[in-house]
Amino acid sequence: MTETVLVTGGAGYIGSHTTLALLQAGHDVLVLDNLCNGSPEALRRVARVAGRAPRFIEGDVRDAALLARVFAEHPVTAVMHFAGLKAVGESVREPLRYYDNNVAGSLALCQAMQSAGVHRFVFSSSATVYGEHAPIPYSEATPVGRPTNPYGRSKLMVEDLLADLAQSDPRWRIAVLRYFNPVGAHESGLIGEDPSGIPNNLLPYITQVAVGKLRELAVFGGDYPTPDGTGVRDYIHVVDLADGHLKALHALGQHTGWNVWNLGTGQGYSVLQMVRAFEDASGRRLPYRIAPRRAGDIAQYWSDPAKAQRELGWHARRGLPEMMRDAWRWQQANPQGYASS
Ligand code: NAD
Ligand code: WQD
């Protein structure tokens, strides 16, 4: 069945890759993005790869009048909600901005959907909701913990809001997707991650060191209780993640109410393994030094992805070599991100 999907935050990193996957699967896409951290160039490139364009509406998910208009004017059948702020450190400094954008934004969107009679919803959550003390690997049966920062708590609040909504009205079909660590780029090298300023996340930091924009990688902590002392995470290729969204959307045909799926590979890699894998893929040596631990970091975690495999028929296909190759291709072709074009 062809859907008309409203993709909030579709001009951002994960939203642009998912918009492309939706178009390639034959769906129609309406992107709503206020461009606070996204780029219209990303959507032009998505159109180039897909051979057809998503419709773009510049605006904010907290704008109730705009949302009412969007639902009135377009035959939206489902919503994928990526729009939000995601910088953990910034959320500690500006909690109100994060709760407003992430929680009030999701609330406004759900209200507009309810009024419009649209009840199929896919939400970008995060493994951060498992908190600090969950046993590894994290499965969906693992109780959520207390996230260590306002960003993480905003995700948990929205998960709870959605669970209450699903309880209140059986028409809702909700997929809460808990992402592990999304990395990489589309293999065309045309779309990828374009962080503003100095990257917070590991892989964009590595690729910016490799192109000479940054001097060296600071490895945050060399004394964790992990095999090589550095932090371990479950990195997932963004194209696999995008495919997981498509599978989740389709699965909402059989799954009513509130559903949660982890999107990860089930495999943890350390920071130093990431450095080596990048060096292998790029043929460059990466300067790094061991630095103090970063406040709030957890030593290690990775996903149990079995539920998504079982219920969505989804698993991550791309390994570390593909993640590194594609991140590097994107960075080399676009040293200034979308501003290069
Ligand atoms: P991103 O910043 O690249 O994309 C988010 C997009 O939303 C941007 O284009 C931004 O302009 C837009 N946006 C933000 N607030 C908006 C608003 N109020 N109204 C309209 N548009 C708005 O981030 P991303 O990495 O693509 O993340 C997408 C989603 O996935 C976010 O909700 C994020 O919290 C979640 N997530 C990301 C990661 C990650 O590591 N990237 C991990 C887990 C979950
Ligand atoms: C990965 C590993 C660092 C940078 C964050 C959010 C999480 C989710 C994904 C949105 C860790 C180490 C990093 C650097 C380093 N986001 N590192 N030097 O912290 O696992 O997750 O992004 O939902 O909520 O917390 O990702 O890429 O920042 O770090 O050594 O310059 O790399 O310590 O072990 P993280 P990350």
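The values are calculated or read from the model by the stated rules, or taken from the named source; none is laboratory data. Just so we're clear, the structure is a prediction, and the values are computed from it rather than from any experiment. Here Cβ is always computed from backbone atoms with ideal geometry, including for glycine, and neighbour counts include all displayed protein chains.
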ask   = In the range 64-108, what residues are crowded, with 19+ Cβ neighbours inside 10 Å, within 14 Å of ligand 2 (Cβ to nearest atom) and assigned to a helix (DSSP H, G or I)?
value = VAL88, SER91, TYR98, ASN101, ASN102
request  = Find the residue count for the range 198-240, including only residues that are surrounded by fewer than 19 Cβ atoms within 10 Å (Cβ to Cβ), among the hydrophobic types (A, V, I, L, M, F, W, C) and in contact with a Lys or Arg (Cβ under 7 Å, 6 or more places away or on another chain).
outcome  = 2
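Please return the ranges of helices (runs of 4 or more DSSP H) entirely within the range 233-341 where 2 or more residues are over 23 Å from VAL176 (Cβ atoms) and of a type outside the set (Asp, Glu). First the steps, then the outcome.
Details: elements: 238-251, 271-282, 306-312, 320-333.
In the range 233-341, the matching helices (runs of 4 or more DSSP H) lie at 271-282, 320-333.
Taking the conditions exactly as written (surrounded by 15 or more Cβ atoms within 10 Å (Cβ to Cβ) and on the phi < 0 side of the Ramachandran plot), does ALA327 satisfy them or not? Quick ask: steps written out before the conclusion?
Details: surrounded by 15 or more Cβ atoms within 10 Å (Cβ to Cβ): yes; on the phi < 0 side of the Ramachandran plot: yes.
Yes.
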remark   = Residues in the range 161-220 that are in contact with a Leu (Cβ under 9 Å, 6 or more places away or on another chain), over 29 Å from SER139 (Cα atoms) and part of a strand (DSSP E or B) total 1
request  = State whether one or more residues within the range 60-83 are more than 8 Å from ligand 1 (Cβ to nearest atom), at pLDDT 95 or above and touching a Pro at 6+ places or on another chain (Cβ under 7 Å).
outcome  = no
note = The residue that is farthest from ligand 2 (Cβ to nearest atom), considering only those in the range 2-17 that are touching a residue at least 40 places away in the same chain (Cβ under 8 Å) and in a loop (DSSP other than H, G, I, E, B), is GLU3
request  = Filter the range 18-37 for residues that are within 16 Å of the chain's Cα centre (by Cα), closer than 15 Å to ARG48 by Cα and more than 16 Å from ligand 2 (Cβ to nearest atom) and give the result.
outcome  = THR19, LEU20, ALA21, LEU22
remark   = Taking first residues from the range 120-132 that are more than 15 Å from ILE14 (Cβ to Cβ) and among the aliphatic types (A, V, I, L, M) and second residues anywhere that are within 8 Å of ligand 1 (Cβ to nearest atom) and not in a strand (DSSP E or B), the pairs with Cβ under 7 Å that are 6 or more apart or on different chains are VAL129/LYS155
ask   = With respect to THR207, is the statement that it is in contact with a strand residue (DSSP E or B) (Cβ under 7 Å, 6 or more places away or on another chain), among the polar types (S, T, N, Q) and in contact (Cβ under 8 Å) with a residue 24 or more places away in the chain true?
value = no
